[in-house]
Every structure is written in structure tokens, then in C-alpha cells.
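First the structure, in the form of C-alpha cells, and then the observations on it.
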């Protein structure tokens, strides 16, 4: 499996389209398509891509990681929530974090 296949698999696992992921990375859908097809071997945005996909950059690029982490199975709702959260801007992410923290601590009043 190459970097493109790992990106495709993780993108689909997160229910992201090529267009949505490309927008999150800040590249064109065509550029992402070239990465996924293996035409771009060493994308310059590897750290950004790995951060958005929530994976180790070494795993994304080489299929291995010095710090292998046992993956935690997420439910469909959890995966969808994470995918949607990653599409928010920074201000909205902070707002959502405050809401979630309030719900967990039972101090939720109104988001």
C-alpha cells in the first residue's frame, strides 16, 4: 500500500470526499487526486494531511511509525462527528469544545 492508498482509505473511513479533504488541506482537488493516484510521491503538505486525517505522518508516508498506536474503534457517529468537527474554523471548534466540556461537566447552560 502506498501513500495515496492510505490517504484514500483514511479519507473514506472519515466519510470525506476528495473535494472536502482538498479544501481542508488547502490544495486543489486535482492536486489531491494526483497524490491519491501516486503521481505525486512526496507531497509537501504531508504534515497537514496527516493532522487532518488524524494519523502519524510516518505511517501516512511510509506505512510504519516509530510510535505505533493501537487504533481505537470509533462508532459511525463518532467518526462522523470528528469529520464534521475538522471542517469547522478555529472559532467554531473552540465554541464546540466549550459546549462539549459543559455537557460532560454538567455545567451546560446554552451553547
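Bear in mind that the values in this text are calculations on the coordinates, not laboratory data. Just so it is clear, the model here is predicted, and its values are computed rather than measured. Neighbour counts are summed over all protein chains in view; Cβ atoms, including those assigned to glycine, are modelled from backbone coordinates with ideal geometry.
What to note about this one:
- Cα→Cβ-extended label distance, 7 Å offset, between residue 46 and residue 5, nm: 1.8 nm
- Against the chain, whose longest principal axis comes from its Cα atoms, helix 3-13 is set at around 30 degrees.
- Working from Cα pairs under 8 Å separated by at least six residues, relative contact order for the stretch 3-62 is 38 percent.
- Cα-based equivalent ellipsoid, the chain: semi-axes from gyration tensor eigenvalues, Å: 29, 16, 12
- Residue-averaged 222 nm ellipticity for the chain, from DSSP H runs of 4+ at -39500 (n - 2.57), nearest 500: -17500 deg cm²/dmol
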